[in-house]
1. Sorted by mean Cβ packing within 10 Å, highest first, what order do the peptides 283-295, 46-58 take?
2. Probe radius 1.4 Å, ligands and nucleic acids left out: which of 143, 110 has the largest accessible area, and how do the rest follow?
3. Of 61/101; 114/321; 61/143; 143/281; 110/197, which pairs sit farther than 32 Å apart, going by alpha carbon to alpha carbon?
4. Report the accessible area of residue 30, computed with a 1.4 Å probe over the heavy atoms of all protein chains in place, in Å² rounded to the nearest 10.
5. Can you tell which of 106, 85, 122 lies farthest toward the positive end of the dipole of the stretch 78-157, using +1 and -1 charges on the Cβ of basic and acidic side chains (Lys, Arg; Asp, Glu)?
6. Put 315, 337 in order of accessible area, largest first, 1.4 Å probe: what do you get?
7. In nm, to one decimal, how far is the residue 110 label point from the residue 358 one, both placed 7 Å along Cα→Cβ?
Amino acid sequence: VSWVPGTDPPPTPLPSSSSRCPTGGDSALSQEALETLAEEAGFSGSEGRSLAFTRAASVLKALPGQLSALEEGQALGSGLSLSLGQDVLEDGVSVEVERVKLSERYRTMKLFTKIFGVGVRTASRWYQEGIRTLVDLQERNTKLTRQQQAGLQHYEDLNTPVERGEAESIGRMVQEAVQRFLPGASVTLAGGFRRGKPRGHDVDLLLTHPEAGREAGLLSAVCLSPHQGLILYQHSQENSFALHEGPEPPGGRDVLDRFERCFSIFRLEVQGRPGAARGWKAVRVDLVVAPVGQFPFALLGWTGSRHFERELRRFAGHERKMVLNSHTLYDTRLNLFLPAASEEEIFQHLGLEYVPPTQRNA
Ligand code: 8DG
Ligand code: MN
Ligand code: MN
C-alpha cells in the first residue's frame, strides 16, 4: 500500500450547490493563506477548524501543478467549505485572509506565541489584559516563567531561522560532549533537518547507546554539566515511560512522549554574521534520549512533520487498530507490542510502503 498523508480523498463529495471552487470566485487559495487561517483558528481555540485548514493546506501542497478551481475544490472537500463559513465563501478567501492578517488580535497573538514558552492561553490572557508589545510586557512587570524570560531575552535570535550548517555544528558539539560522558553513544539529527529542510526553528537531536540501559542519565550529564557557558537555558525531564503501564501515550501540553529530554537554548559561536555586533547566536535545541529498543519509534516520532505524525498515527489506529507513539507500536487485536529495529520495520508492521524522511514534509 502506498500512502501519503493528507491525500486521502474527501470523505463526502462536494454539495452540488458549490460545484464552483469552495473558496470564492477569486480563488487566491494558497497554502500560505490556509496556514494563516489555521493559525488564526488555533489562536481562537478552535482546534477542529485549525486542523481542517492544516489538512487542506497539506492537500494543496501534495496536488500536482496548476488545477482548475473546480478540481481544487473537489480535492479539498466539503470539510473546508464548512470551516470557512458562508460569508467567506461569498467574499472570497483572500479577503478573509487579509482581514485576519490586519486584525490587532491576530498580530498580537502571533507576536506573543513566538516567545519560547508562551502558548495560546498565555498570549490570549495577556491580550485580554491589554498588553500589545514586548516592551509592554517588560514595562508592566508581567509575571514570566524562567523559560519565558529566556524566550524574551533571546527573542530575535530565536525567531531567526537556524541554518543547516548551524544545526550540524550543534550536532557535533553535542556529539563531543556525549562521547566524553558515554563513549559509544550516538547523536542523530532529527526534526525538519532530517526531512531535508535547509532551515528550521530549532535543532532536534536524538541520543541513544547500543547497549540498553547505558543511556540512562546521559542527558543530565550533557545538559547540567557546567558546559563552558554554551547552554544559556535548559529544563530537563527524566524518563517516565514504563512498558507495563500499557500503550497509551501521556497527555499534557507540548509533551508527546516520556523520554528523558532537555529543552534548551545553546550559545552558538558564529563567524562573520552580517550586521551582528556579537559573534554568537542563541539557538533552540531539543535533546531527547531513547533506549535503543525504542530508538526507531523515537526517530520516526521526532522526525515529523507534526502533520505527518498525526496522520500516520491516525492511520495506525483507524486502519490497523494499532497504537503508534514515539516509544512503541501496539497491536490491540493481538494484544502485543510489535518490536522494530528500524523505521522500515515500523512501516512494514503498518502494512505501508516505506516513506523516506524527505517525503514526510506534508
Ligand atoms: P522546525 O523545528 O524546523 O520548525 O520543524 P520540525 O523540526 O518539524 O518541528 P519540531 O517542533 O522541532 O518537532 C519535531 C518533531 O518532534 C515533531 O514531529 C513532533 C516531535 N515530538 C515528539 N515528542 C515531542 C514532544 O514531547 N515535544 C515536542 N515539542 N515535539 C515532540 O515526538
Ligand atoms: Mn525542529
Ligand atoms: Mn523541536
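1. Values: 283-295: 22.4, 46-58: 20.1.
Listed from highest to lowest mean packing, they are 283-295, 46-58.
2. Details: 143 180, 110 70 Å².
From most accessible down to least: 143, 110.
3. Numbers: 61/101 21 Å; 114/321 37 Å; 61/143 41 Å; 143/281 26 Å; 110/197 23 Å.
Exceeds cut-off: 114/321; 61/143.
4. Its heavy atoms expose roughly 40 Å² to the probe.
5. The residue sitting most towards the positive pole is 122.
6. Details: 315 30, 337 70 Å².
Order by accessible area, largest first: 337, 315.
7. 3.2
The values are calculated or read from the model by the stated rules, or taken from the named source; none is laboratory data. None of the values given here were measured: they were computed from a predicted structure. So basically every Cβ, Gly included, is an ideal-geometry build from the backbone, and we count neighbours across all protein chains shown. Note: areas computed on protein heavy atoms with side chains; ligands, DNA, RNA excluded. Shrake-Rupley method; radii C 1.70, N 1.55, O 1.52, S 1.80 Å.
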